[in-house]
Amino acid sequence: MTLNFWAVTAALALMLSSGSRTGAADLSVDKPQIQGANLRIEFDRNLRSRVVSRFDNKDTTMGPFSASETIAAADKSWTDFPMTNQKRERVSDAFGTGERLVVTGRSGTLTKVVTVTMYDEFPTMAFFDIQYTNTGTNKLNIKGWTNNAYTLNAQNRNGRPAGDAPPFWSYQSGSYEKRPNWIVPLHANFRQENFLGMNASDYGGGTPIVDVWRRDVGVAVGHVEPRPRLISLPVSMPDSAHAKIAVTSRHAVSLAPGESLHTLRTFAAVHQGDYFRSLADYRRFMMKQGFQMAAPPDDAYGAIWCAWGYGRSVQPKQVYDTLPTAKRLGFKWVTLDDGWQNNVGDWELDRKKFPHGDADIKALVDRIHQEGFRAQLWWSPLSAVPNSELLKSHPEYALENRDGSRRKVSWWNSYYLCPADQRVVDYHKALVRKILVDWGFDGLKLDGQDMNAVPACYNPAHHHERPEDSVEALPDFFREIYDTAQAVKPGALVEFCPCGTAYSFFTMPHFNMSVASDPTSSFQVRSKAKTLKALMGDNIPFFGDHVELSDGADDFASTVGVGGVVGTQFVLPSLVKKRSKFDLTPAQEKKFEKWLAIYNDKMLPRGQYLGQLYDIGFDVPETHVIRKDQTMYYAFYAKHWKGPIELRGLEDRKYSVLDYVNGKNLGTLSGRDARLTVEFDKHLLLEVRPE
């Protein structure tokens, strides 16, 4: 159950703006401001604002005053609102104790009330409620609004990163067909809109945060609504000295005289280091609204062999014949991937591969279990091919565009089903029961970039109150799948793989394994791990996806070093006609034996990922740390590195240092000044154990 955040704050804002709340103080200073331990928001007399970070007894103004909260009509924008009133008070509500500032301004016939709340428990975050009221006699046709639009200055020459380091790095949360990195350096003329609706036919959605940081400090903005919203989070770098960040909405609304518009509940946050802390703080705040991550089964950390290397033409015999090798190498899960079904949508067995139907698939699962594995089945919900029996029998299940056409999922050559229609939900729940109970699988691999977001639905058969009902119902759809899975098979593994998209935070409580999700590089494996561990915490295992998708098709180190679950889609060359990078050659088999032994011995996914210790953008070499009991595991990555490395986060005591991949003892060091001079190619993984 989620709390109605707006209900808590709006009533307080209304009482404060009218001066009726006990204890409210009428402040007469020219420039209102509100501050906590680490953040101050300052306004000028026109209700423009700026962000000031407060770390290490130093106040850092991040940029100039700007028109941070604005509203626009087709022919006019309101940016300046000369202040008419301000009030501030101490508050205590469902989200904690803190300070609240309410400032009021007026521009023509439009009155603006800005309510900013800072809670003691969240000293780096300020939460904004913005209300616009039409006080004129004519209707206003509003086309959109913007909150938390800030211009950020690059560091001055003395504080600027050395060498050719960029002025800023950024976390980008939009989903695009090209599947770009989520973590990028900014350069002049950079711009990314980060629209959280559909950016292609079947690519959209994301987590409602963007972050831009310098070497010393960063700023994040976003919204804290409990549902997905169709907003943009544009990030740009118009020149070499500035970056811009904002939350925008292009939802049109008509304001009659006397009517008010409330924007979404948004926030601004500051942090040191990279974006990890702002995402972790966002997760902590959303937990106050009822968001809790799922619990994984104990066996979720077992290494995964997936049959996808054999492709959609996979035959049961290929799976049977590969099991002994997968067992000998130390894998614990077997995934039957795409290719078992007759089509996308009906999800019946392909009778050419399983001529005896259910008996054949149950026999395969039984064999997987007999060999000591857990069994997982690939499945892509919410889509159906045009000639499926499902759409022939139930055309009303389809999601429809405004013109009545069906929305295509281009990757599967299929159509969207509407997650807001209860009949669609019930159909998928029945499939879960069939897979886990009737067929005996132990887990689901939910797959498809189209799972991350859906378009607005205009199908009249669904009786939606608003077309956006489909967008906002998507998390509920996956909650029904997850809850059904746990009800019929407690401890079932539910893996969520939204193929290259930027994950929606709102679905995260409804699966118990995240995935690097078709990474295009080892950096994506590592950066996605950092992002998902910030948003979901350490208790949800992160699957680094098939190692063949990493640099060189063999970079186990990038998954092991960040505390990920390892996996592969290797094939036995004797079982395929064509050679490929998936072939388990004798040389590859030796690598697999080595890395599986390391993975199963160290079991770093059960440790704590210390994402705040190193900046993934500015710290070189790139570094990640896992703490397990009292031992620290450092992972350094670079094409080639020769020079000093710093081991942060150690106590003031002696430690022994081991290169655990190569079994090389690097001696001892003191945690007070933990530095080593090393040389390595690609990676260096260290175990640092207290003596």
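Please go through (1) of a type outside the set (A, V, I, L, M, F, W, C); (2) part of a loop (DSSP other than H, G, I, E, B); (3) closer than 24 Å to residue 518 by Cβ for residue 445 and return the number of the only condition it doesn't satisfy.
All conditions are met except number (2).
Go through 308, 340, 333 for me and flag whichever is hydrophobic (A, V, I, L, M, F, W, C), in contact (Cβ under 8 Å) with a residue 24 or more places away in the chain, on the phi < 0 side of the Ramachandran plot and open to solvent by 30 Å² or more (accessible area, probe 1.4 Å).
Criteria check complete, one pass: 308.
So, of the residues in region 548-558 that are touching a helix residue (DSSP H, G or I) at 6+ places or on another chain (Cβ under 6 Å) and open to solvent by less than 10 Å² (accessible area, probe 1.4 Å), which turns out to be farthest from residue 520 (Cα to Cα)?
556
Only residues in region 464-487 that are under 29 Å from residue 440 (Cα atoms) count as the first member; pair them with residues that are polar (S, T, N, Q) and crowded, with 23+ Cβ neighbours inside 10 Å, Cβ under 6 angstrom, at least 6 apart or cross-chain, and list the lot.
Partner pairs satisfying both residue conditions: 475/507; 478/507.
This table checks each residue for (1) part of a helix (DSSP H, G or I); (2) not charged (D, E, K, R).
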| residue | (1), (2) |
| --- | --- |
| 317 | yes, no |
| 320 | yes, yes |
| 327 | yes, no |
| 343 | no, yes |
| 351 | no, no |
| 355 | no, yes |
| 375 | no, yes |
| 404 | no, yes |
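Just to be sure I understand, how many residues within region 454-498 are open to solvent by 10 Å² or more (accessible area, probe 1.4 Å) and hydrophobic (A, V, I, L, M, F, W, C)?
Qualifying residue count for the region: 6.
Here are some residues: 384, 398. Which one is free of Cβ contacts under 8 Å to residues at least 60 places away in the same chain and either touching a Cys at 6+ places or on another chain (Cβ under 7 Å) or closer than 20 Å to residue 204 by Cβ (or both)?
Unique residue meeting the criteria: 384.
Can you pull out the residues in region 525-540 that are out of contact with any Gly (no Cβ under 7 Å at 6 or more places or on another chain), surrounded by 24 or more Cβ atoms within 10 Å (Cβ to Cβ) and over 16 Å from residue 277 (Cβ atoms)?
526, 528
Can you list the strands (runs of 3 or more DSSP E) found entirely within region 236-296 that contain at least 1 residues being surrounded by 24 or more Cβ atoms within 10 Å (Cβ to Cβ) and either in contact with an Asp or Glu (Cβ under 6 Å, 6 or more places away or on another chain) or touching a residue at least 60 places away in the same chain (Cβ under 8 Å) (or both)?
Once the strands (runs of 3 or more DSSP E) in region 236-296 are filtered for at least 1 residues that are surrounded by 24 or more Cβ atoms within 10 Å (Cβ to Cβ) and either in contact with an Asp or Glu (Cβ under 6 Å, 6 or more places away or on another chain) or touching a residue at least 60 places away in the same chain (Cβ under 8 Å) (or both), what remains is 242-249, 266-271.
Give 416, 397 a once-over and let me know the one that is touching a strand residue (DSSP E or B) at 6+ places or on another chain (Cβ under 7 Å), surrounded by 19 or more Cβ atoms within 10 Å (Cβ to Cβ) and under 25 Å from residue 516 (Cα atoms).
None of the other options fit; the residue is 416.
Of the residues that make up region 378-388, is at least one open to solvent by 40 Å² or more (accessible area, probe 1.4 Å) and within 27 Å of the chain's Cα centre (by Cα)?
No, every residue in region 378-388 fails to be open to solvent by 40 Å² or more (accessible area, probe 1.4 Å) and within 27 Å of the chain's Cα centre (by Cα).
How about region 608-655: which of its residues are under 19 Å from residue 673 (Cα atoms) and in contact with a Pro (Cβ under 8 Å, 6 or more places away or on another chain)?
Matches in region 608-655: 630, 631, 636, 645, 651, 653, 654, 655.
Just the residues that are crowded, with 18+ Cβ neighbours inside 10 Å and among the aliphatic types (A, V, I, L, M), please, taken from region 576-597.
584, 596 - these are the residues of region 576-597 that are crowded, with 18+ Cβ neighbours inside 10 Å and among the aliphatic types (A, V, I, L, M).
The values are calculated or read from the model by the stated rules, or taken from the named source; none is laboratory data. None of these values were measured; they are calculated from a predicted model. No Cβ is skipped: glycine too gets one built from the backbone with ideal geometry, and neighbour counts run over all protein chains shown. Side chains included, ligands, DNA and RNA excluded: accessible areas come from the protein's heavy atoms. Shrake-Rupley method; radii C 1.70, N 1.55, O 1.52, S 1.80 Å.
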